[in-house]
Every structure is written in structure tokens, then in C-alpha cells.
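Right, one structure below, let's go through it.
The values are calculated or read from the model by the stated rules, or taken from the named source; none is laboratory data. This is a predicted model, so every value here is computed, not measured. For neighbour counting, all protein chains shown are included, and Cβ atoms are generated from backbone atoms with ideal geometry for every residue, glycine included. Note: areas computed on protein heavy atoms with side chains; ligands, DNA, RNA excluded. Shrake-Rupley method; radii C 1.70, N 1.55, O 1.52, S 1.80 Å.
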Amino acid sequence: MAILDRRSGQERRSDSRFEMNIDVEWEGAAGRKEGTVSDLSVNGCFVMCSGEVDDGETVKIFLPLADGMKVEFRGEVVNHVLEIGFGVRFVEMTDSKREF
């Protein structure tokens, strides 16, 4: 799903994103919290949550596996909307994490 830039009406994302609804845990400066990934691409995701973050903050996103384990992704907050959630650009991606 393409999201239009609220300011210009232009699509700002260059990557294909996939809508989803995955419950995750995420960790930032304020500690570990729960959220929901609402869309995902190879380079980032959007986490719906009520937690507060700052643009530029480094966070960890823990995506669940079927066996109860979790895969940790690190990212940088690129935008946030108070009480709605935040967008993350993944950093330190390995080939195996890209395939996941």
C-alpha cells in the first residue's frame, strides 16, 4: 500500500511495502514495549504503538518466529506520530535477515 506524503501528495517510499498485522516487541531508550507491525519492506517497517520515541533514536524490533523464538532487527526511527506509532529504517542488515 502506497502512503502519500501528507504535505505534497507524493509517494515518499521507494520500496515495496506489504501490509500485515504482526504483534511484536520493540525496545528503545524508554525500555521494552509491545506494538504491531502494520507494514514491512526490506528496508524498514511501521510499528503501531503508544510508546514515545524520537526521530533518529535507535530501536530494536523483535519479530516472532513460528517456534516462539524472535528475530531481532535494529533500526533508526525516521518518523513518529505520538500515540500512533513510528517508522523505522533497518540498519546492520545481514543477508539472512533480508531473506527473512
- Task: Find how many whole Å separate the alpha carbon centroid of region 14-48 from the alpha carbon centroid of region 70-96.
- Result: 6
- Within the chain, longest stretch free of exposed GluC sites (Glu not before Pro) [DSSP loop, at most 11 other beta carbons within 10 Å]: 1-82
- Query: Residue separation times 0.36 nm, minus the C-alpha to C-alpha distance between Ser16 and Glu34: what's the value?
  - Reply: 4.0 nm
- Which aspartates and glutamates, on any chain, are close to Lys33 with Cα under 18 Å apart, when same-chain ones fewer than 8 places away are left out? Asp23, Glu25, Glu52, Asp54, Asp55, Glu57, Glu72, Glu76, Glu83
- Item | In Å, descending, principal axis extents of the Cα set of the chain | 42, 30, 24
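Leaving out ligands and nucleic acids, and using a 1.4 Å probe, what accessible area per residue does the chain come to in Å²?
65
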